[in-house]
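Encoded as structure tokens, the structure appears first; notes follow it.
Computed from the coordinates by the stated procedures, all read-outs in this text should not be read as laboratory data. All values derive from a computational prediction rather than experimental measurement. Here the Cβ is made from the backbone with ideal geometry for all residues, glycine too, and neighbour counts use every protein chain on show.
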Amino acid sequence: MNSMTRIKTKTPSPYKLTHIETDTHDTKTFRFELPADATLDMLPGDFLYVHATVNGKQVKRAYTPSSLPDITGSFDVTVKRYETGTISKYLHEQKIGDTVLISGPNTGGHWVDGMAKRVGFVAGGTGITPMVSIIRWILTKKIDAELSLIFANKTEQDIIFRQEWDRYVRDYSNFHCYYLLEQPPAGWTGNTGRITPDLLRQYLPSPGPDACVFLCGPPPMIDAVEATLKEFGYPEQGIILP
């Protein structure tokens, strides 16, 4: 039996695009080809750089793969298209069969098995993408940990991977998901408005040696949440920014 090859590159290498999945009105998941026996050399939460030359300028942007770290033969990157986002627009223009320059993986704020028994996640918009592989990893590997996700978005249409989160809530008693919408539709029964200290206290694990919280989203949101968690008594090492 062939041993698995673990891929990590410092210089940008071409990867072929083999599949594109539309997740929401402005978010797609791009699947890139790896050799059949190869996987990315990474932990859940580590990131890649996508490189491109746009208008004669070389640009790169960090993305965390949304696929499981030990998957062989391919990897996925989930990207929301921003009007001002050079690389996000570039990726959304690519077609199946095109090649994209990617380097990494690089070490980010990642999950290590056994690091906590109670794990909180606070995601704003596309800040969910680094959480995806971490949550999938913990659940599919049946790791003994209680997971609580607070997922803030503008509208209901912006909730990335909503069917997956709803399925996990049904299938895993240790996974809890709380949506928060700034512009809720009529009849919305979930949380509304912005993230508040009360909301964090209600849904996240309380500070302790067996607890940690992953944060990812718009910088003002992350700064505010991080400050609040520290006020709650979370130590620096208990707050992880993938």
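Odds and ends about this structure:
- Shape box of region 5-106 [Cα atoms, principal axes, largest first, Å]: 36, 29, 26
- The residues H110, H19, H51, H176, when put in order of fewest to most other Cβ atoms within 10 Å, stand as H19, H176, H51, H110.
- Put in order of Cβ neighbour count within 10 Å, fewest first, the listed residues T39, T86, T140 become T140, T86, T39.
- Taken over the chain, the ratio of Cα radius of gyration to 2.2 N^0.38 Å equals 1.02.
- Against the chain, whose longest principal axis is taken from its Cα atoms, helix 162-171 shows a tilt of about 60°.
- In region 118-240, taking the dipole from charged Cβ atoms about the Cα centre, the farthest positive-side position among V225, P185, I160 is held by I160.
- Proxy reagent accessibility, fewest Cβ within 10 Å first, across I7, I160: I7, I160
- Cα long-axis angle, helix 219-232 against the chain (0 to 90 degrees, to the nearest 10): 40 degrees
- Against the main long axis of the alpha-carbon atoms of the chain, helix 129-140 sits at an angle near 80°.
- Based on DSSP H segments of at least four residues, each scored -39500 (n - 2.57), the chain has a per-residue ellipticity at 222 nm of -6000 deg cm²/dmol.
- When the pairs K80/K230; K141/K230; K8/K60 are compared against a 19 Å limit on Cα-Cα distance, K80/K230; K141/K230 fall above it.
- Cβ-Cβ FRET estimate between H19 and D198, R0 fixed at 30 Å, reported to 0.05: 0.10
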